[in-house]
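Written out below as structure tokens is the structure these notes cover.
The values are calculated or read from the model by the stated rules, or taken from the named source; none is laboratory data. If you're wondering where the values come from, they're calculated on a predicted model, not measured in any experiment. Neighbour counts are summed over all protein chains in view; Cβ atoms, including those assigned to glycine, are modelled from backbone coordinates with ideal geometry. Accessible surface is based on the protein model in full, side chains and every heavy atom, while ligands, DNA and RNA are left aside. Shrake-Rupley method; radii C 1.70, N 1.55, O 1.52, S 1.80 Å.
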Amino acid sequence: MVEIIGVRFQNGGKVYYFSPDSWKVKQGDLVITETSRGTECGEVTIPNKTIQQAAVVQPLKQILRPVNKEDRKTLEQNRKKEIRAFH
């Protein structure tokens, strides 16, 4: 058995499993993770849960941390930049 959390990076996107390490998160929390595309922020869709080892693609990456105030400020700035770039 292995403990996982499920994280989604885009609305309606695929859910990826990560190791929560010692963090306890709940559905809807935002977390910072290391992905193949770099450091990203995603939303927890599956809170801490234990599943069979065979159901997980190894190696399981760990979340870096839950989102903090500085991360939220950066996210807001990035959203504003996206809106300006879109127009």
- Calculated FRET efficiency, Lys49 and Gln77, Cβ-Cβ r, R0 41 Å, to nearest 0.05? 0.80
- Message: Among the listed pairs Lys26/Lys81; Lys49/Lys73; Lys24/Lys73; Lys49/Lys80; Lys14/Lys81, which have their C-alpha atoms separated by more than 27 angstrom in this model?
- Response: Lys26/Lys81; Lys49/Lys73; Lys49/Lys80
- Task: Write out the trypsin sites (Lys or Arg not before Pro) in the chain meeting two conditions: DSSP loop, and at most 13 other Cβ atoms within 10 Å of their Cβ.
- Result: Lys14, Lys24, Lys26, Arg37
- Accessible area, 1.4 Å probe, largest first: how do Asp21, Asp71, Asp29 sort? Asp21, Asp29, Asp71
- Convert each backbone phi in segment 40-55 into a coupling constant with the Karplus relation 6.51 cos²θ - 1.76 cosθ + 1.60 (shift: θ = phi - 60°), then list the ³J(HN,Hα) values in order as whole Hz, x for Gly and Pro. 9, 9, x, 9, 6, 10, 10, x, 2, 8, 9, 10, 5, 4, 5, 7
- Query: What accessible area per residue comes out for the chain, rounded to a whole number of Å², with a 1.4 Å probe?
  - Reply: 73 Å²
- Note on the structure: Ignoring ligands and nucleic acids, Val57 exposes an accessible area, probe 1.4 Å, in Å² to the nearest 10, of 120 Å²
- Task: Would you tell me the accessible area of Val44, worked out with a 1.4 angstrom probe on the heavy atoms of the protein chains, in Å² to the nearest 10?
- Result: 0 Å²
- May I ask you to evaluate 6.51 cos²θ - 1.76 cosθ + 1.60, the Karplus curve with θ = phi - 60°, for each residue of segment 20-35 and list the ³J(HN,Hα) values in order in whole Hz, giving x for glycine and proline? x, 6, 9, 6, 10, 10, 10, 4, x, 5, 9, 9, 9, 10, 9, 10
- Taking Cα atoms only, helix 69-86 is inclined relative to the longest principal axis of the chain by an angle, in degrees rounded to 10, of 60 degrees
- Task: Return one quarter of the surface area of the convex hull spanned by the alpha-carbon atoms of the chain, equal to its mean projected area, in nm².
- Result: 6.3 nm²
- Message: Please report the antiparallel percentage of DSSP beta bridges with both residues in the chain, rounded to the nearest 5.
- Response: 95 percent
- What accessible area, in Å² to the nearest ten, does a 1.4 Å probe give for Leu64? 80 Å²
- List the residues whose amide H sits under 5 Å from the amide H of Val67, counting only those 5 or more places along or on another chain, with H placed 1.01 Å from N in the peptide plane. Leu30, Val31, Ile32
- Ignoring ligands, DNA and RNA, what percent of the 1.4 Å accessible area of the chain is carbon and sulfur? 50 percent
